[in-house]
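Here's the structure we're looking at; comments come further down.
The values are calculated or read from the model by the stated rules, or taken from the named source; none is laboratory data. This one's a predicted model, so the numbers in the text were calculated from it and none came from an experiment. Cβ atoms come from the backbone with ideal geometry, glycine included; neighbour counts cover every protein chain shown. Surface areas here come from the heavy atoms of the whole protein model, side chains and all, with no ligands, DNA or RNA. Shrake-Rupley method; radii C 1.70, N 1.55, O 1.52, S 1.80 Å.
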Amino acid sequence: MHFKLKIYNLTVIGLVTLFTLITLFSQSPSNSWIVGYGQNSTTVPKFGKTELKFNTGSLEMTYNSEQENAKTDLINTSIGDEGGNLLLFTEGLNIYGFDQSIIENGDGINPGEVRNDYSPQYYPTASNHVFLTSPVSRNEYYLIHMTLDYIKDSSDTIRSFKAIKLLYTKIFVDGLTKKGKVLIKNETILTGEFVNSHLAYCKHANGRDWWIVVEEYNSSKHLIFLLSKNGIKLHSTQDIGSSGGLYDWSGNSIFSPDGGKFIKYAYDYFIQIFDFDRCMGKFSNPIILQNSNLLNYKESSIAISPDSRFLYVSNYNRIWQFDLYSSDISKSIDTIGYWDGFLFDTIFSTAFYQLALADDDKIYLSCYSSNIFLHRINNPNGKGVNCNFKLRDIELPAWMIGGLPIMPNFKLGEVSGSNCDSLTSNRDFNPIKSFIISPNPANGELKIVNLNSGNSEALKIEVLDISAKVKISRILFPYQNQWNFDLSFLSPGLYFIQFYKDHRLIQSNKWILN
């Protein structure tokens, strides 16, 4: 595979070498995960943390035993820069930077009795913390998180903890040093009693803002928040679907990668599927999938294929697939994998715990106990056994336990021409006249001319196929006015050329390759 880039602006010829180092694969804030705990590199297996990077199209693992801080156990969420390099992560107690040390003012997340009792080990919950990019600044990030309290009602024998506050913490990261600093910490968004372990998040149709969904405990009420340039506000509440969530630690809630579906699982309300309007922030068309096999084990996990077609559901020893395109989703169920009973070192279970979609378009599955293995669905867009599930497909250099980061789709862009595109007045470019693409159709040579050559900030260009899979991603440096790309290696068909500034889409064009 070859990629040719010709630069006509002589003021940036010195940047040609840097261009050649940028891979063909999309790079995004979700490219880096971090798992593990401890710091003893002399044991076999080792203790420490492993950074997993997906931005080269294949999994890269880096072992680090320098810091004992941060036991990434149940909570595990992280975010990287646009180059796919780790910036921030948390275990629910503190916020850590790329060097795994606590960032300035990053201690004391989720204050309260539960934190005091569990610190410095971990925060005893999963899937209710996430880092999101700021709608207004490429150097600012939000941690959205939920604080726990103990269950003090002796009649509640189902739970040990309850989620009582939705909070945000705002972080600044210096663009040069990559050092982080907390600006606002543990700011309350809303108090109440919420379904634990079910925080969900999705890009707004404008490609910049974020929808954040929280479920009210033992209820069918969904609280829909909007993170925009005006901060975080409650947008609406919606009663829809089956009431439940007493076993609020038993599953998770997610959006499909294309943002069109909201799907959640809990032991007492099974699998619920809703259509979602990214413009209006509204659910519709609820479907309930009941699977009696899930009743055998309360803790289950869900993930969705990159093309948003297949839903995967796992319990302790089995994985199912549902076809969301089927006219009867419940009848499309297929078993795609079983746990074989293997125990690592004769003690540690490699049974199934948590599913998570990664940026290499594969779904990873953690083990039920401390382990050095990850299971993997290598082709989640494949139907049935064609999804290519493999037990213990990845061997890590050090121990990990439990949680995997359930990342938002940072690459989900604007719905072009949508009535809900609220950014038109905020754009720095005329969305029609900023970039001219020619020829169109073309045989492989793509020419882009920037009519706003005085732009002083770096931009990003992505080429996507009709399934929204990013085929190439490139940085367009300041003060250039023309680029030539040889895209003859792509298959003939319809593509979308998208331009980004500060994480937000500023122009989208259709392009046909003959």
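Each residue in the range 28-67 was checked for being open to solvent by 10 Å² or more (accessible area, probe 1.4 Å), of a type in the set (Phe, Trp, Tyr) and assigned to a loop (DSSP other than H, G, I, E, B), and 1 pass.
Within the range 223-236, identify whether any single residue is out of contact with any Asp or Glu (no Cβ under 6 Å at 6 or more places or on another chain), in a strand (DSSP E or B), within 30 Å of Tyr297 (Cβ to Cβ) and not acidic (Asp, Glu), and answer yes or no. Yes, there is a match, as at least one residue in the range 223-236 is out of contact with any Asp or Glu (no Cβ under 6 Å at 6 or more places or on another chain), in a strand (DSSP E or B), within 30 Å of Tyr297 (Cβ to Cβ) and not acidic (Asp, Glu).
Out of all the residues in the range 361-377, is one or more at pLDDT below 95 and β-branched (Val, Ile, Thr)? No; the residues of the range 361-377 include none that is at pLDDT below 95 and β-branched (Val, Ile, Thr).
Looking across the range 157-202, the residues that are farther than 30 Å from Asn85 by Cβ and basic (Lys, Arg) come down to Arg159, Lys162, Lys165. Restricting Ser219, Ser197 to residues that are polar (S, T, N, Q) and crowded, with 19+ Cβ neighbours inside 10 Å narrows the list to Ser197.
Residues of the range 327-352 that are hydroxyl-bearing (Ser, Thr, Tyr) and open to solvent by less than 40 Å² (accessible area, probe 1.4 Å): Ser332, Thr335, Ser349, Thr350. When the range 292-318 is filtered for residues that are closer than 11 Å to Pro380 by Cβ and β-branched (Val, Ile, Thr), only Ile304 remains. All of (1) in contact (Cβ under 8 Å) with a residue 40 or more places away in the chain; (2) buried (at least 21 other Cβ atoms within 10 Å of the Cβ) hold for Gly108 with one exception: (2). Of the residues making up the range 156-212, those that are touching a helix residue (DSSP H, G or I) at 6+ places or on another chain (Cβ under 9 Å) and either of a type in the set (A, V, I, L, M, F, W, C) or without any contact (Cβ under 8 Å) to a residue 12 or more places away in the chain (or both) number 1. Filter the range 185-206 for residues that are small (Gly, Ala, Ser), more than 13 Å from Leu226 (Cα to Cα) and within 17 Å of the chain's Cα centre (by Cα) and give the result. Ser197, the sole residue that qualifies. Name the residue that is nearest to Ser314 (Cα to Cα), counting only residues in the range 363-392 that are open to solvent by 50 Å² or more (accessible area, probe 1.4 Å) and in a loop (DSSP other than H, G, I, E, B). Ranking the candidates gives Tyr368 first.
Could you tell me whether any residue of the range 114-123 is under 30 Å from Gly207 (Cβ atoms) and in contact (Cβ under 8 Å) with a residue 40 or more places away in the chain? Give the steps one after another, and end with the answer.
Filtering the range 114-123 for residues under 30 Å from Gly207 (Cβ atoms) gives none.
The answer is no, given that none of the residues of the range 114-123 is under 30 Å from Gly207 (Cβ atoms) and in contact (Cβ under 8 Å) with a residue 40 or more places away in the chain.
Of all the listed residues (Asp328, Asp334, Asp307, Asp359), the sole one being out of contact with any Phe, Trp or Tyr (no Cβ under 8 Å at 6 or more places or on another chain) and over 27 Å from Asp239 (Cα atoms) is Asp307. The combined condition, being touching a residue at least 60 places away in the same chain (Cβ under 8 Å), hydroxyl-bearing (Ser, Thr, Tyr) and open to solvent by less than 30 Å² (accessible area, probe 1.4 Å), is not fulfilled by Thr90. All conditions in (1) crowded, with 23+ Cβ neighbours inside 10 Å; (2) closer than 19 Å to Phe389 by Cβ; (3) among the hydroxyl-bearing types (Ser, Thr, Tyr) hold for Tyr297, with the sole exception of (1).
The residues in the range 258-274 that are in contact (Cβ under 8 Å) with a residue 40 or more places away in the chain, open to solvent by 40 Å² or more (accessible area, probe 1.4 Å) and assigned to a loop (DSSP other than H, G, I, E, B) can be counted, and the count is 1. Within the range 296-311, the residues that satisfy the criterion of being modelled with pLDDT of 90 or more and assigned to a loop (DSSP other than H, G, I, E, B) are Ser300, Ser305, Pro306, Asp307, Ser308, Arg309.
Phe322 falls short of the stated requirement of being over 20 Å from Gly384 (Cα atoms) and either touching a Leu at 6+ places or on another chain (Cβ under 9 Å) or aromatic (Phe, Trp, Tyr) (or both). For the range 152-183, how many residues meet the condition of being more than 21 Å from the chain's Cα centre (by Cα) and farther than 18 Å from Ile79 by Cα? Looking only at that region, the number is 14. Is at least one residue of the range 119-131 of a type in the set (Phe, Trp, Tyr), in a strand (DSSP E or B) and either closer than 24 Å to Ser366 by Cα or touching a Phe, Trp or Tyr at 6+ places or on another chain (Cβ under 7 Å) (or both)? There is at least one residue in the range 119-131 that is of a type in the set (Phe, Trp, Tyr), in a strand (DSSP E or B) and either closer than 24 Å to Ser366 by Cα or touching a Phe, Trp or Tyr at 6+ places or on another chain (Cβ under 7 Å) (or both). Return the only residue of Ser134, Ser160 being over 20 Å from Pro29 (Cβ atoms), surrounded by fewer than 22 Cβ atoms within 10 Å (Cβ to Cβ) and of a type in the set (Gly, Ala, Ser). Of the residues listed, the single one that is over 20 Å from Pro29 (Cβ atoms), surrounded by fewer than 22 Cβ atoms within 10 Å (Cβ to Cβ) and of a type in the set (Gly, Ala, Ser) is Ser160. So Lys229 clears everything in (1) surrounded by 17 or more Cβ atoms within 10 Å (Cβ to Cβ); (2) touching a residue at least 60 places away in the same chain (Cβ under 8 Å) except one condition, right? Which one? The one condition Lys229 does not meet is (1).
For every residue, the table says whether it meets (1) open to solvent by 10 Å² or more (accessible area, probe 1.4 Å); (2) of a type in the set (Ser, Thr, Tyr); (3) in a loop (DSSP other than H, G, I, E, B).
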site: Asp149; (1), (2), (3): yes, no, no
site: Ser155; (1), (2), (3): yes, yes, yes
site: Lys165; (1), (2), (3): yes, no, no
site: Thr188; (1), (2), (3): yes, yes, no
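Of the residues making up the range 275-291, just one is in a loop (DSSP other than H, G, I, E, B), open to solvent by 30 Å² or more (accessible area, probe 1.4 Å) and in contact with a strand residue (DSSP E or B) (Cβ under 7 Å, 6 or more places away or on another chain), namely Gln290. For the range 9-27, a residue qualifies if it is in a loop (DSSP other than H, G, I, E, B) and either at pLDDT 95 or above or within 27 Å of the chain's Cα centre (by Cα) (or both), and the qualifying residues are Leu21, Ile22, Thr23, Leu24, Phe25, Ser26, Gln27.
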